[in-house]
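The values are calculated or read from the model by the stated rules, or taken from the named source; none is laboratory data. This structure is a prediction, so every number in the text was calculated from the model and none was measured. Cβ: placed from backbone, ideal geometry, glycine included. Neighbour counts: every protein chain shown.
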Amino acid sequence: MSDEVRDMANARAGGHARDSRRWRKWATRILASLALLAYPLGIWWLDRWSIGVAFEAYLSWQRVLANAAVGLSMILLLAAIARRLLAPILLVSALHALLYVVSSIKYRLLDMVLVLQDAYFVSGFDASSFALLWHYVPSPWRTLGLAVLALLALASLYRLEPPCCRARAWPRLAAAGIATALLCALYFSAWPWTSRMYDKAHVRPSLFGFNRAALRAGLTTSLVYYHNQQRHLALKVDAAALRKALSSLPPEPQAQPAIRGTGGARPDIVIVLSESFMDPRAMRGMDGVPDLIPQIRAQLAAGKGGRLRVPAFGGGTVRTEFEVLTGMPVRAFPEVRYPYVEMRLDRIPGIVGVLEKAGYASLAIHGNSGGVWNRLGTYKAMGVDRFITKSEFRQRGATEDGKWMSDRSMTDILLRELGHAAKPTLAIAISMENHGPYDDAGKVADPKAMAGIALPAGLDAAGAGELRSYLYHLHNADREFGRLLAGLRARQRPFVLLFFGDHLPALGDVYDRLGFADGAEPGRQTVPWVMAASGDVAVPGDGMVTSSWQLPSMILRAASVPGDAYFDFVSRIGPGLAADDSSPRGMLLKDGLYAAANARLQDRFDDYARN
Amino acid sequence: MTMRATDSIAMAHARKAMLLACLAGAGCARQGVEFRLEPAVVRACELPVATRVSWDVTRLGLQHVDIEVANLGEAPKAWTNGGAKGSETSGAWAQDGYTVILKSRNGVELARRTLTTVACPD
């Protein structure tokens, strides 16, 4: 080939390359412009879809833009970094869409949209967090395959799309600067994220849940709003309300007879939070089927417990858990949804600290990752000595029943640990077996027992399957309570055992179809609590309705361990407040309790109590 | 009431333009379906309210429709059904976000309307 012919061929190839490059440049610019216009509207459409309302509900261009603004800022940053337009728009759109899909799943299961604190659910994201989320993904392998395909498509698009500007072009640097400033402002809760579109008047949040804010302003806008709220969280002590409550306290109740072992040994204190434990006979039609919680019912019939008001429904275990371990009602901190993750404090006062001063060792047991809901950090702040989590469960040969670590394994570990204890011990066990979703038929340890559970009429196939799964694990929890109690009684040491449910399970369709025997809403139902002790020592109960924040002061009294000034206050204020919190006196006590909890968390309750 | 009392005319036009763009572009509109929820907007302090829905799907040639309802945080439940054209009034149980869904007998969604609110003065 002559040089002339070769030059001509090279020139032609170069021309083709230039044409192709030019064509790709214009095609991606047109597509990017269209995608950029479609992004805010598409996200708004997903937003409305995720909560099942009409597209035009609360539609305005301000709301659409405010709801897309976080994504637009991310697009700007990625575009500046990658020097591409289309790929960043599609990537951010896909991630934003994923957020809405997750929110819609949560909304369907728990009747609540995604909230900012859900991100902490996966704090310290590990295999356990991933496994838990995986269970909630419909057709997980297909979803994973689609996600991989989408990523490959995006990577190909990135390679095909020509750079939109030179590496050192000033628009690129300006875009990077603006986007970085916007995202930093978002993190630090500064303008423009504190402007009118994200304020209270525009978002119109409700005290009764997060759904209203998501409806009225869009989910993403509501997340920005709650992030701003959290950033500006401050503990406020209403000193006047606290003084009024302190001055109207009833006299101290009579001291309990002390529980002591040989040589005056203090009793072990065992607290079992049983996941989603409820009395199934609260639902209509369930009194016609064989009893599934005979052990707990026998204790209740003997007057060793009662009904518990909890601040959670269908999920949110840590809200009830926080109240039982600290004696502080979570409603005293209205901006806080999940205290373990939003109150990142170095020290959290509560029953662990009080018992430590009384010479107790402390131990927590949970058959899941310690990172979930930040339990690891929170127990450390509470002063728990040891925390046994899923990995140690496995090392000890623990087994699952259904999708989660069995209550049987938890009881085994609990009894073994107490058997080795050299001094009085506080053991906190958070069960996992009866955690949803309730779709594990065929995967449980005793499928025959599950199949044999009788159900009331009126359920469809899906509801019957969910209820049967739930009741199977509920029965296991009841059996394990009996085994634990027998195991504690067989030992030579005195003990006090507290067992309670944290909330009702998320069985919305079942509740809709069966209803409740008392006619009340699912969210207003109570869960059982039982307190049992060694010997013939009387324990509080007798069927009374109690709030979960009262339990730690009650267990301290039952164990005859002197509480501190705050627990004394709670034990005196509790019965009156639990009996009636809506009368003028009840309101006064409630305001006082909330003020006391805020003072307590700042370690200033004693100062207020003295003055 | 079908429009926010505080909306300016320009904002109302902007909203309509955006809605039309979406309907045209995304194909959200189902031609031949008339479905109205009244009132569509109320003051939040007036909740819960009774609502009236009216529908007309005669242009689609359908003989029957089903209507489902849901308040926010609830799964839609069957409420009523009827012929190609009709109306129905509910009890006073509609809250903010209350949604009515018009469906054909074979379960295809034809239209969806949602009750919204404006804030009440403090």
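Key figures for this structure:
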{"item": "Residue count, the range B:80-93 (criterion: at pLDDT 95 or above and closer than 18 Å to B:Ala40 by Cβ)", "result": "3"}
{"item": "Pairs with Cβ under 6 Å, 6+ apart, first in the range A:112-124 and away from chain B (no Cβ under 14 Å), second at pLDDT 60 or above and assigned to a loop (DSSP other than H, G, I, E, B)", "result": "A:Gln117/A:Arg337; A:Gln117/A:Tyr338; A:Ser123/A:Gly371; A:Gly124/A:Gly371"}
{"item": "Within the range B:76-122, strands (runs of 3 or more DSSP E) holding 2 or more residues that are more than 20 Å from A:Ala213 (Cα to Cα) and touching a strand residue (DSSP E or B) at 6+ places or on another chain (Cβ under 6 Å)", "result": "B:77-82, B:85-89, B:99-104, B:109-114"}
{"item": "Residues of the range A:387-403 satisfying the condition of being outside any loop (DSSP other than H, G, I, E, B), surrounded by fewer than 20 Cβ atoms within 10 Å (Cβ to Cβ) and modelled with pLDDT of 95 or more", "result": "A:Glu400"}
{"item": "Residue match in the range A:27-48 (condition: more than 14 Å from chain B (Cβ to nearest Cβ) and more than 23 Å from A:Leu95 (Cα to Cα))", "result": "yes"}
{"item": "Criterion violated by B:Leu23 - all others in (1) facing chain A (nearest Cβ under 10 Å); (2) surrounded by fewer than 15 Cβ atoms within 10 Å (Cβ to Cβ); (3) modelled with pLDDT of 95 or more satisfied", "result": "(3)"}
{"item": "Residue list for the range A:332-358, restricted to those being buried (at least 17 other Cβ atoms within 10 Å of the Cβ), within 16 Å of A:Gln602 (Cβ to Cβ) and among the aliphatic types (A, V, I, L, M)", "result": "A:Ala332, A:Val336, A:Met343, A:Ile348"}
{"item": "Residue match in the range A:166-183 (condition: touching a Cys at 6+ places or on another chain (Cβ under 6 Å), among the basic types (Lys, Arg) and not assigned by TED's automatic domain parsing to the domain that holds A:Leu345)", "result": "yes"}
{"item": "Some residue of the range B:82-93 being under 12 Å from the mean Cα position of the chain (by Cα) and either more than 11 Å from chain A (Cβ to nearest Cβ) or among the small types (Gly, Ala, Ser) (or both)", "result": "no"}
{"item": "Per-region count, the range B:29-75, residues outside any strand (DSSP E or B) and under 15 Å from the mean Cα position of the chain (by Cα)", "result": "10"}
{"item": "Selection within the range A:173-187 - out of contact with any helix residue (DSSP H, G or I) (no Cβ under 7 Å at 6 or more places or on another chain) and not hydroxyl-bearing (Ser, Thr, Tyr)", "result": "A:Leu173, A:Ala174, A:Gly177, A:Ala181, A:Cys184, A:Ala185"}
{"item": "Condition met for A:Trp141 (loosely packed, with under 13 Cβ neighbours inside 10 Å, aromatic (Phe, Trp, Tyr) and more than 41 Å from the chain's Cα centre (by Cα))", "result": "no"}
{"item": "Scan of the range A:167-220 for residues that are of a type in the set (Lys, Arg) and crowded, with 20+ Cβ neighbours inside 10 Å, ordered by number", "result": "A:Arg204, A:Arg212, A:Arg216"}
